[in-house]
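A quick write-up on the structure given underneath.
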Amino acid sequence: ELRFVDTPGVNALGGVQDVTYGYLNSSNAVLFVQDIKGIEKQSFRTFVEKQIALSSRTRESLFLVLTHAGSASDDTVDLQIDTAIDLYSDLISEEKIIAVDSLLKIIYGELSDGLSIKQIKKEKPKSQVLAGYPEKAESEDTDLEALILEESRFKILEEAIDELATKAPKLQLNEIIKAVKQGYLKQESIY
């Protein structure tokens with residue numbers, strides 16, 4: 001079973017951040033989602049470090065998902081991924097730092113459901129993200145839907161999550177063994 005819980009952000013107020021930490025500590029994996037243009041925020045790094053320290057979480061179960069990749073050029077996306085790797089690879093495995101564009105994924109779903117480009121472009125954010133894709137697909141002589149799916153980069157994220165899902169039982173067993181060992185050591189010191 002795979003369940004996603006979308007929690008409030010890093011700087012949530014009014015005790016909401018404590019609820020977020022509660023969810024994070026009981027999860028099998030954490031996807032930190034950050035705008036591709038804001039990866040250098042110190043508050044975000046502090047949040048990631050605190051989460052890792054509080055939960056003793058392994059790098060295997062952490063992801064950094066950079067959003068809005070479709071609104072940036074490929075060079076900018078590559079540069080931002082490299083920057084994120086430089087900043088966070090000591091905390092999160094390099095292959096789990098991934099850039100995506102959820103709006104492109106939504107547009108792909110709508111195209112797959114039979115909506116036309118004209119219908120989709122009626123919504124301003126989608127129209128802005130779609131700018132240039134029909135021409136790019138034509139110039140590259142490729143299918144528009146396939147191009148949008150590829151540019152959304154969700155295939156990379158889905159593959160990384162699938163890989164984690166196959167490793168999840170082993171990771172859970174390791175966490176149980178670690179907890180039992182710590183409990184045993186605590187009992188031994190009390191005794």
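Every read-out reported here was derived from the displayed coordinates using simple, explicitly stated rules and does not represent laboratory data. On a predicted model such as this, the values are computed, not experimentally measured, just so you know. Counting neighbours? That spans all protein chains shown, and the Cβs are built from the backbone with ideal geometry, glycine included.
The calculated FRET efficiency for Gln128 paired with Glu94, based on their beta-carbon distance and R0 = 30 Å, is about 0.45.
Rounded to the nearest 500, the 222 nm mean residue ellipticity of the chain from helices alone is -19000 deg cm²/dmol, with -39,500 (n - 2.57) taken per DSSP H run of at least 4 residues. What range in the chain is the longest one free of trypsin sites (Lys or Arg not before Pro) that are in a loop by DSSP and have at most 10 other Cβ atoms within 10 angstrom? The segment 4-121 is the longest one with no such site. Determine which residues of region 78-116 fall in the zone a paramagnetic label at Phe4 would reach in this model, i.e. backbone nitrogen under 19 Å from the point 7 Å along Cα→Cβ. So the set is 96-113.
Residue separation times 0.36 nm, minus the C-alpha to C-alpha distance between Asp18 and Lys167: what's the value? Don't skip to the answer; put the middle values down first.
Details: separation 149, 0.36 × 149 = 53.64 nm, distance 2.84 nm.
Using 0.36 nm per residue and subtracting the Cα-Cα distance, I get 50.8 nm.
Consider a paramagnetic label point 7 Å from the Cα of Ser112 along Cα→Cβ; state which residues of region 134-149 have an amide N under 14 Å from it. Taking a point 7 Å out along Cα→Cβ of Ser112, the residues of region 134-149 whose backbone N falls under 14 Å are 145-149.
Please give me, ordered by residue number, the GluC sites (Glu not before Pro) of region 128-186 that lie in loop per DSSP and have at most 14 other Cβ atoms within 10 Å.
Values: sites: Glu135, Glu138, Glu140, Glu145, Glu150, Glu151, Glu158, Glu159, Glu163, Glu175; in loops: Glu140.
Here the sparse-neighbourhood loop sites are Glu140.
For the chain, relative contact order (Cα pairs under 8 Å, six or more residues apart, normalised by length) works out to 18 percent. Using 0.36 nm per residue and subtracting the Cα-Cα separation, the extra length available between Lys121 and Ser189 on full extension is 17.9 nm. Rounded to the nearest 10 degrees, the angle from helix 42-55 to the longest Cα principal axis of the chain is 40 degrees.
The label point for Asp143 and the one for Ile156, both projected 7 Å from the Cα toward the Cβ, are 2.2 nm apart. In region 65-104, the alpha-carbon atoms span a convex hull of 56 Å³ per residue.
Exceeding 25 Å between C-alpha atoms, which entries from my cross-link table qualify? They are Lys96/Lys136; Lys37/Lys126; Lys96/Lys122; Lys37/Lys170; Lys96/Lys118.
Details: Lys96/Lys136 28 Å; Lys37/Lys126 19 Å; Lys96/Lys122 34 Å; Lys37/Lys170 35 Å; Lys96/Lys118 35 Å.
In this structure, Lys96/Lys136; Lys96/Lys122; Lys37/Lys170; Lys96/Lys118 lie more than 25 Å apart at Cα.
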